[in-house]
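A.B. asks: Please read through the structure below; I'll follow up with questions.
The values are calculated or read from the model by the stated rules, or taken from the named source; none is laboratory data. Values in this document were obtained by computation on a predicted structure and should not be read as measured data. Every residue, glycine among them, receives a Cβ derived from its backbone with ideal geometry; neighbour counts consider all protein chains shown. Note: accessible area is taken over every heavy atom of the protein model, side chains too, but ligands, DNA and RNA are not part of it. Shrake-Rupley method; radii C 1.70, N 1.55, O 1.52, S 1.80 Å.
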Amino acid sequence: PLESSDEWVNRGAAEATRIQDGTASTIRRTVKDFAFGDSLGEGSYSTVVLATDKHSQKKYAVKTLDKRHIIKEKKVKYVNIEKNALNRLGQRDGIVHLFFTFQDEQSLYFVLEYAPHGELLGLVKKYGSLNEDVVRHFGAQMVDAIKYMHDQGIVHRDIKPENILLDDRMRITITDFGTAKMLEREGAKYPADCKATSFVGTAEYVSPELLNDKYTGKSADLWAFACIVFQMIAGKPPFKATNEYLTFQKIMKLQYAFTAGFPLVVRDLVKNLLRLKPQDRLTVRGIQNHYFFADIDWKDHDAVWNRPVP
Ligand code: ATP
């Protein structure tokens, strides 16, 4: 699949550019168009470097993947999913923007929006626990972004605090779509769920249905959302043990406890999401209507995205 390079080089760039400036022009970018700077981090299959576009001086996070390594480790499929998912999602608040993709002989490049404030987890670590207003603020942005993603037929499947970055205006932006599931349209709509073929996700945030039935869907992202809401308040995720096996046991037994002082209204939200059966969980609509979010006007995009952090 990596040999079909033309698709790789052009499609992402063309689409991203079109959305970016409202014209149908195709600005192609290559490695030579960027000045590479500090490393932002490393993943298992990628390195992310801060880079400046030499023409616009705009800063980007460029994710570089070594082709040989990707092929050897059989990750080609995931790289393509990441690109296709981000292209389908376009440039929307709450989703990391993919501006260009290109490649050279050795590597594949994703030119992503630079999120200068790091991971949401960083805030939780720094303050130990976030207060109810801050949790409501970021929580609302997460719900809005997840709803948008699901409406486009994409289930993320690995929502965790490390994959929620903070953009230049301290707003959340969801990243890492390599393990996403792109749902096929059924008529005019996307289905709610699908059979998972292989294990995906991160131990602490994985849903019980994936562990029990190898089954995943939109409600698995909402399970993970509840785990993060819990973590923002408690400072640690609800299901955590010394190893993955024990963590899975806890998840399957729904064994978690609220910390002292955990606000009742947030308890209620979390309780209604951390339910073993996906069909018993609140839906996105149910979350939006929960009294924790009573003050949020979901139709007012600006109110969710353009207010300062409380
Ligand atoms: P893995 O995929 O192995 O779980 P990962 O998802 O952390 O790892 P990457 O997506 O390659 O791997 O990201 C590596 C690191 O780079 C991240 O920890 C993150 O802190 C940083 N990073 C990634 N994307 C951006 C971005 N758009 N802006 C700023 N920093 C980023």
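A.B. asks: Top mean-square fluctuation among Leu112, Leu120, Leu40, Gaussian network model of the chain, C-alpha springs under 10 Å?
C.D. replies: Ranking Leu112, Leu120, Leu40 by mean-square fluctuation puts Leu40 first.
A.B. asks: Using a 1.4 angstrom probe on heavy atoms only, work out the carbon and sulfur share of the accessible area of the chain in %.
C.D. replies: Here it works out to 49 percent.
A.B. asks: Next question, about the same structure. Suppose each label sits 7 Å from its Cα in the direction of the beta carbon; what would the Gln249-Leu264 distance come out to in nanometres?
C.D. replies: For the pair Gln249/Leu264, the computed spacing is 3.5 nm.
A.B. asks: If you don't mind, another one. Under 25 Å from the Cα of Lys277, which lysines turn up, not counting those fewer than eight places away in the same chain?
C.D. replies: Lys147, Lys160, Lys181, Lys189, Lys195, Lys214, Lys218, Lys236, Lys240, Lys250, Lys253
A.B. asks: Can you give the accessible area of Asp151 in Å² (nearest 10), computed on protein heavy atoms with a 1.4 Å probe?
C.D. replies: Approximately 80 Å² for this residue.
A.B. asks: When the Debye formula is applied to the Cα atoms of region 192-301, each taken as the same point scatterer, what base-10 log of I(q)/I(0) results at q = 0.14, 0.21, 0.22 Å⁻¹?
C.D. replies: -0.56, -1.16, -1.24
A.B. asks: A further question follows. Return one whole number: the accessible area per residue of the chain in Å², for a 1.4 Å probe.
C.D. replies: It amounts to 48 Å² per residue over the chain.
A.B. asks: Loop only per DSSP, at most 12 neighbouring Cβ atoms within 10 Å: give me the GluC sites (Glu not before Pro) in region 96-147, ordered by residue number.
C.D. replies: Numbers: sites: Glu105, Glu113, Glu119, Glu132; in loops: Glu105.
Loop-located and lightly packed - Glu105.
A.B. asks: Check Phe34: other-chain or 5+ apart residues with amide H under 5 Å from its amide H, H built from backbone geometry?
C.D. replies: Lys54
A.B. asks: Quick check on the chain: what are the equivalent-ellipsoid semi-axes from the Cα gyration tensor, as sqrt(5λ), descending, whole Å?
C.D. replies: Taking √(5λ) for each Cα gyration eigenvalue gives 32, 22, 19 Å.
A.B. asks: Could you work out how far helix 218-234 tilts from the main Cα principal axis of the chain, as a 0 to 90 degree angle to the nearest 10?
C.D. replies: So the helix axis and the longest Cα principal axis differ by about 70 degrees.
A.B. asks: Relative contact order for region 42-185 using alpha-carbon pairs under 8 Å, separation at least 6, rounded to a whole percent?
C.D. replies: 26
A.B. asks: With an 8 Å Cα cut-off and a minimum separation of 6 or more residues, compute the relative contact order for the chain in percent.
C.D. replies: Computed over the chain, the figure is 14 percent.
A.B. asks: Right, another one. Which value, in debye to the nearest 20, gives the size of the charge dipole of the chain about its Cα centre, when Lys and Arg are +1 and Asp and Glu are -1 at the Cβ?
C.D. replies: 560
A.B. asks: Which one of Pro278, Ala234, Gln103 is farthest out on the positive end of the charge dipole of the chain, using unit charges on Cβ (Lys, Arg +1; Asp, Glu -1) and the Cα centre as origin?
C.D. replies: Pro278
A.B. asks: Also, I was wondering about something else. Counting Lys +1, Arg +1, Asp -1, Glu -1, what net charge surrounds Tyr45 among other residues with beta carbon under 13 Å of its beta carbon?
C.D. replies: My count for the surroundings of Tyr45 gives +2.
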